[in-house]
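The values are calculated or read from the model by the stated rules, or taken from the named source; none is laboratory data. Just so it is clear, the structure is predicted and the values come from calculations on it, not from any experiment. Every residue, glycine as well, gets a Cβ built from its backbone with ideal geometry; the counts of neighbours run over all protein chains shown.
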């Protein structure tokens, strides 16, 4: 699983290599990706499982397009596509984290425009209840307002979601949240891509279809 990976992949080399190899690879895979109907037939999806498969398939395609836009520097388009991906399949972990991280990065801007800090943080936690930095911020907000019981709830929630060393509730008290958010966003993109391409390399030769058939 994600906490005990069994395989290591060479995608970081693509991610940071010269010549834009990773965006080119994603573009190629998206071009070769079969239509939804073709994927349903090739994978022989049971009728009872078709609704969930359709949501996952559509969401995964939108997410990969969003990652591609992000890698190409179009952050507005990336966030728009990721929002659509989340609406299609809110249960997808990587999509949810990508969207929540994008919302976190724009938190100061939203507050400056008049949106309440509490409302904005709760919107992030609605997408990902285990978003570390949003939990930490809510903990600090409740402490500032004297809501000690609620603050303790957020503190415990933050500790419960992640094993050490990712317990930012205790380890990042003195750190700047805006410093870490872009890093986390990039990690989520890379981990998500790492998940899809190895699956593609195994399934595609057998089914003669491209990557991203399964979410």
Practice task
Give region 1-41 a look and list any residue that's more than 23 Å from residue 67 (Cα to Cα), loosely packed, with under 15 Cβ neighbours inside 10 Å and modelled with pLDDT of 60 or more, or say none.
Solution key: 37, 38, 41
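Do we find that residue 59 is buried (at least 17 other Cβ atoms within 10 Å of the Cβ), in contact with a helix residue (DSSP H, G or I) (Cβ under 6 Å, 6 or more places away or on another chain), closer than 21 Å to residue 124 by Cα and in contact (Cβ under 8 Å) with a residue 40 or more places away in the chain in this structure? Please lay out each step first, then the result.
Details: buried (at least 17 other Cβ atoms within 10 Å of the Cβ): yes; in contact with a helix residue (DSSP H, G or I) (Cβ under 6 Å, 6 or more places away or on another chain): yes; closer than 21 Å to residue 124 by Cα: yes; in contact (Cβ under 8 Å) with a residue 40 or more places away in the chain: yes.
Answer is yes for this residue.
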Problem - Where residue 152 falls short, out of the listed (1) surrounded by fewer than 17 Cβ atoms within 10 Å (Cβ to Cβ); (2) part of a helix (DSSP H, G or I); (3) at pLDDT below 90 - result: (3)
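With respect to residue 68, determine if the residue is within 16 Å of the chain's Cα centre (by Cα) and buried (at least 17 other Cβ atoms within 10 Å of the Cβ). Reasoning before the result, please.
Numbers: within 16 Å of the chain's Cα centre (by Cα): yes; buried (at least 17 other Cβ atoms within 10 Å of the Cβ): yes.
Yes: the conditions hold for residue 68.
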Fill in the blank from the handout: Taking region 26-49 and keeping residues in contact with a helix residue (DSSP H, G or I) (Cβ under 7 Å, 6 or more places away or on another chain) and free of Cβ contacts under 8 Å to residues at least 12 places away in the same chain leaves 45
Practice task
For residues that are more than 20 Å from the chain's Cα centre (by Cα) and surrounded by fewer than 16 Cβ atoms within 10 Å (Cβ to Cβ), tally how many sit in region 112-139.
Solution key: 8
